[in-house]
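Working notes, beginning with the structure itself.
The values are calculated or read from the model by the stated rules, or taken from the named source; none is laboratory data. This structure is a prediction, so every number in the text was calculated from the model and none was measured. Every residue, glycine among them, receives a Cβ derived from its backbone with ideal geometry; neighbour counts consider all protein chains shown.
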Amino acid sequence: MTLSLVTGASGFVGQHLIAELLRGGERVVGAVLGSPPELATLPPEQAERVVWVEADLERPEDVRRLLAENAVNKVFHLAAVTSVEESHSDPAAAFSVNVIGTLHLLRELTEARGRMGRDLRVVISGSAEVYGSAASRCRPLNEDCPLEPLNTYAVSKAAQELLGLQFQRAHGLPVVVARSFNHTGPGQLPPFVAPQLASQIVAARNGDAACTIKVGNPEIRRDFTDVRDVVKAYILLAERGVPGQVYNVCSGRSYAIGELIQLLGEIAGIEVRMELDPERKRAVDVLEMVGDCSRLHAATGWEAQIAIRETLSGLLDSLQTAGSKGAGAGAGAGA
């Protein structure tokens, strides 16, 4: 039976990925920073089936111990500083986690593979933010478009995926990069854009029949995919992706932020108004990012299945549940 390692296992995507792996009959090792992990979407009965290991990827000895004690066959590397805002305020931390942590993991995986002849497949969760300003010229974005990152987070993710590809070329480590566009769904929390908007709707849901949503630029368009579709793509890439290749994970359709706001309001049964908030606007941004996932589809047969309305409905319900459990529970769940 396959043993899969998920780094960043207690995070938003990590919990959905673990649930999908368990449904497929795989055994799972979840690498986390805190013990016991704080979980939001992974049911207790599923969490009990996971081998939870506390490991800091910035400490090579932790990574070495993790791999020595667990003979993993697949690695899904999700651990990262994932917020553009957080990366901007503390760029050193973003590079330490996203780049140096990845370097430690790749080095130890290479050593373990050579020492024990272990069959491995590695999927690195990358980000479409690496395309940056190229998105203004390439529509839709495919994997051959240039990388022109516009923020610290994007630079760190570009370095992360290039490291992975370098280890594949130089050491034969079978690494695949999943370059994911915006994804959301049940369990995601602010500061990401969809839950940031949805949390304002939830706050008004049990109060007034109208709600004013603060937004930086309602004309900005992004390609959104449901997290439950995204994790299925990761699993398929571990099985069928070509080592050394990058694959866009996206829906191929973009939505304006204003459209998301109106949809959220319709689902919640609340009349919404938009109010421009300069504090929420990025200093440098592109108007639209939409991806081409034809390479992923050709390799795996994957395509997005869950409609945006269902995604946003699940997001609203999860935020409502988190709020009813109290601020502490809601904050911890997104770690």
Practice task
Report yes if some residue within the stretch 314-332 is on the phi > 0 side of the Ramachandran plot and at pLDDT below 95; otherwise report no.
Solution key: yes
Handout entry: Among the candidates VAL32, VAL63, residue that is surrounded by 23 or more Cβ atoms within 10 Å (Cβ to Cβ) and either under 24 Å from PRO174 (Cβ atoms) or in contact with a His (Cβ under 7 Å, 6 or more places away or on another chain) (or both)
Key = VAL63
Exercise for the section: Give ALA19, ALA71 a once-over and let me know the one that is in a loop (DSSP other than H, G, I, E, B) and at negative phi. Expected result: ALA71
Problem - TYR255 in contact (Cβ under 8 Å) with a residue 24 or more places away in the chain and in a strand (DSSP E or B) - result: yes
Fill in the blank from the handout: Flagged pairs (Cβ under 6 angstrom, 6 or more apart or on separate chains; first in the stretch 47-58, assigned by TED's automatic domain parsing to the domain that holds LEU33; second modelled with pLDDT under 95 and surrounded by fewer than 18 Cβ atoms within 10 Å (Cβ to Cβ)) are GLU54/SER35
Exercise for the section: State which residue is farthest from SER180 (Cα to Cα) when the search covers only the stretch 192-238 and only residues that are of a type in the set (Gly, Ala, Ser) and in a helix (DSSP H, G or I). Expected result: ALA204
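Residues are listed down the side, and each one gets a yes or a no for (1) modelled with pLDDT of 95 or more; (2) over 30 Å from ARG280 (Cα atoms):
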site	(1), (2)
VAL32	yes, yes
LEU39	no, no
LEU42	yes, yes
ALA71	no, yes
ALA80	yes, no
GLU85	no, no
HIS88	no, no
VAL97	yes, no
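Out of the residues in the stretch 294-325 meeting the condition of being of a type in the set (Lys, Arg) and assigned to a helix (DSSP H, G or I), tell me which one is surrounded by the fewest Cβ atoms within 10 Å (Cβ to Cβ).
First pass over the stretch 294-325, keeping only residues of a type in the set (Lys, Arg): 295, 309, 325.
From what's left, assigned to a helix (DSSP H, G or I): 295, 309.
Numbers: ARG295: 18, ARG309: 12.
Filtering the stretch 294-325 for residues that are of a type in the set (Lys, Arg) and assigned to a helix (DSSP H, G or I), the one surrounded by the fewest Cβ atoms within 10 Å (Cβ to Cβ) comes out as ARG309.
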Practice task
Evaluate the stretch 129-152: report whether one residue or more is outside any loop (DSSP other than H, G, I, E, B), over 30 Å from ARG240 (Cβ atoms) and β-branched (Val, Ile, Thr).
Solution key: yes
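Conditions (1) surrounded by fewer than 18 Cβ atoms within 10 Å (Cβ to Cβ); (2) under 18 Å from ALA203 (Cα atoms); (3) in contact with a strand residue (DSSP E or B) (Cβ under 9 Å, 6 or more places away or on another chain), marked per residue:
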{"site": "LEU264", "(1), (2), (3)": "no, yes, yes"}
{"site": "GLU279", "(1), (2), (3)": "yes, no, yes"}
{"site": "ASP285", "(1), (2), (3)": "yes, no, no"}
{"site": "ASP292", "(1), (2), (3)": "no, no, yes"}
Exercise for the section: Could you list, in sequence order, all residues of the stretch 108-141 that are without any contact (Cβ under 8 Å) to a residue 60 or more places away in the chain, within 21 Å of ALA158 (Cβ to Cβ) and surrounded by fewer than 20 Cβ atoms within 10 Å (Cβ to Cβ)? Expected result: ALA134, ARG137, CYS138
Exercise for the section: Keeping to the stretch 59-96, report how many residues are among the small types (Gly, Ala, Ser), touching a residue at least 60 places away in the same chain (Cβ under 8 Å) and under 30 Å from GLU279 (Cα atoms). Expected result: 5
